[in-house]
Every structure is written in C-alpha cells, then in structure tokens.
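Each remark here refers to the structure printed beneath this line.
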Amino acid sequence: MTERTAKKAPIVRLPPKSNIEIFLNRSSQVSVIFVGLLAFIFALWAGQYILAPVSLGIVVGLMLGPLASKLERRGLLPGLSAILVVLLFVAVACLFALAVAAPLSFWIGRLPQIWGNLQHQLSELKGPLDAMRGMRDQLRELTGGKGLTVSVDEGMGVESMATLAPAVFGQILIFFASLYFFVATRHQTRTAILTLCFNRRLRWRVAHIFRDVEQMVSRYLLSISLINIGEGLAVGIGLYLIGVPSALLWGALAILTNFVVFIGPAVMVVILFLIGLSEFDSLGGAFLPVAIYLAINTIEAQFVTPMVIGRTMTLNPFLVVLALIFWIWLWGALGGFIAIPALLIVYAIFRNIVPGLDWGAD
C-alpha cells in the first residue's frame, strides 16, 4: 500500500432520509412557492393602476404584432410601423365610439320613461314581490336591522367624477404608451431575453415560448374580434327586425361583452330583457330580444368559433372560469378582457417547460 492510498479520504455515506425529513423538505418547498404566489398576487393588486393598462397594452400589442410585422417586411422601420398600428387602433376605437354615442345618449335621456315602463310591467309580479318583501322584513326583525337607514351625499357623484377622471386619463396614456413601445421594441425585447439564457437548450425553449405566445394570442384575439363583429351585426339586424330601437347600440354592446366569455353573454341577456320589458306590452314579448340573442350566440359558440379557431385552442372550461373569476376579482372589468389571453400565455409557457402537459386542449 502506497502513501497516497493511505492518505485518501474515506468515503462517508449518509444515512437515507426518513419519511419525516422528506415530508418537511417537500413542505418547505411548497410553502416557499405558496408565499411567492401570494406576494405575486398582492403585487398585481397593489400595482393595479399601472399594471392593468400595461397588461392590456401588451395583449393588444400581441394581437396587432402580425400586422406590424407585415408593414416591416415592406420596408418600414419598427417605430414607424408601431405608430401606424396605434393610429389604426385609435381610429377603430373612435369610429366605434361615434357609432354608439348618439343611441347611447338617446337611451340615457329615456331612463325616466324606461323606469316607468318597467314599473308597469313588473306590477304583474306584484304578488311574488310582496311575498319576497315580507320575507325580507322578517329577516330584518331576526337580525335586528329594522332601523337601518341609508343616507346619500348629494355631492358624492360630482366629487367621484372629479377624482376618477384624472385617474382614467392617466391609465389611457399608460395603455397607449405601453402599446406603442411594446410593438416598436418587441424584437429587441425578445433578443435581450434570449441573450440572458445560459445554454442553447434553454434559449431554444424560450424562443419557442415567444413563438407560441405570439401565435396563440394573436390568432385568438384576431379571430375572436372578427367573430364578435359578425355576431354583433347579426344581433343588431335581428333586434332591428323585431322593432327594438337603437339596434346598432345593442349590436355594438354584444361585440364588447362577448370578449368576456360566459359572463359577457349573461350580462347581455339581462340588458336585453330589461329593454324588452320597456318596449313590449307583455312579459312574453320581453323575452323576444333575449331569445334572438341566445339563438345567435349559441350558433356562434357551438359552430362558428370551433370552426374558425379550431379545437386545438379549446381550453378546459373549468380553467377558463377560474381565470375569469381571478382576473375580474383582481382588476374588475379590465381583468375580464385579459383573462383568456393571460391563460393562453401561461399555457404556452408551461407547454414548453413541461412537454406533454395537457390543460384540456382537444
């Protein structure tokens, strides 16, 4: 035996971990992930004023990215193509607002008359309403809330508008700035992130994530936008044929609400039912606008959308509902618009990180 062999350090074998040690190790990892998720959600909630318009600008930028790419292939610089894309979006939004401004002001002026008509129509339900009112009084007596009063400050509406207007204007500026700079610098951003990758395999995965996010989100939003426009036109024509005033306004509203799946159509049903109550003399007639809308929406949801988008982009409905609930709870109506694109982004990321992961896509 040589001297080198004699001085060799002995091999130390650690005893295998017990089940308790393994459990504690896994629990600590889960706890760190859970705390990180809570911190992330709190950051989203606390930064709503800035993060919400920035996120909406990124989502719209992903939708308009292919159009900017086509302009760039014709020789335009990215900054110039971004300006044209933003101006196109502003023009479409202004045309949409001008189309609905006149009928919307008409219906706002008719609110007192609509309220009177609704009271007359709902008088047929006087019996059930009286029974519900009696149950409410009994509940108040049981809970001791009979003497509850509500006071309204007359100046609260004006003060709220004075406070809200600058905030809304600021968020609009943040949205357009985010939209422009995202479209103008999307190639530089991708290149910068890819240079941070440590090895070739990670760089390959990140590049595929960028590709899938752009393809899936832009394809989904562009397709859904065209489908919603077609559905809005069909709803407007159907309501016009049965004599509902301002059919163009309700068609435009159908376009907007249909971007928020499940919840948007439910809101549209309630609105059309109230319009039917104010315009028709019977409860049966009040359901006619709702019936027309539901028929068109069913055709769109069951036949048109699967045909245009394809089954490959059909996510698990449970995940869609959870995403809607989470984002609407977090950011309100704006969250409802970005819920599905955000879910598609997360799906594209995890599909490349964990190959073979299925979120319910058929």
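The values are calculated or read from the model by the stated rules, or taken from the named source; none is laboratory data. Source: prediction; values computed, not measured. As a convention, Cβ positions derive from the backbone with ideal geometry for all residues, glycine included, and neighbour counts pool all protein chains shown. Keep in mind that these areas ignore ligands, DNA and RNA; they rest on the heavy atoms of the full protein, side chains included. Shrake-Rupley method; radii C 1.70, N 1.55, O 1.52, S 1.80 Å.
Quick notes on this structure:
- From the options Leu221, Leu179, Leu239, Leu249, residue that is closer than 18 Å to Pro78 by Cβ, assigned to a helix (DSSP H, G or I) and open to solvent by less than 50 Å² (accessible area, probe 1.4 Å): Leu179
- Residue among Gly75, Gly61 that is open to solvent by less than 70 Å² (accessible area, probe 1.4 Å) and not in a helix (DSSP H, G or I): Gly75
- Count - residues of the range 183-205 that are without any contact (Cβ under 8 Å) to a residue 60 or more places away in the chain and either in a helix (DSSP H, G or I) or touching a strand residue (DSSP E or B) at 6+ places or on another chain (Cβ under 7 Å) (or both): 13
- Within the range 4-26, the presence of a residue that is closer than 23 Å to Leu173 by Cβ and either of a type outside the set (Phe, Trp, Tyr) or at pLDDT below 90 (or both) is excluded.
- Single match in Ala68, Ala101, Ala91, Ala97 (criterion: small (Gly, Ala, Ser), closer than 29 Å to Trp250 by Cβ and modelled with pLDDT of 85 or more): Ala91
- Count of residues meeting criterion [at pLDDT 80 or above and either in contact with a Gly (Cβ under 8 Å, 6 or more places away or on another chain) or not in a helix (DSSP H, G or I) (or both)] in the range 301-325: 4
- Test: residue in the range 164-172 that is at pLDDT 55 or above, open to solvent by 100 Å² or more (accessible area, probe 1.4 Å) and under 22 Å from Gly332 (Cβ atoms): yes
- Evaluating Gln215 against the criteria (1) under 17 Å from Leu343 (Cα atoms); (2) open to solvent by 70 Å² or more (accessible area, probe 1.4 Å); (3) touching a residue at least 60 places away in the same chain (Cβ under 8 Å) leaves one unmet condition, (3).
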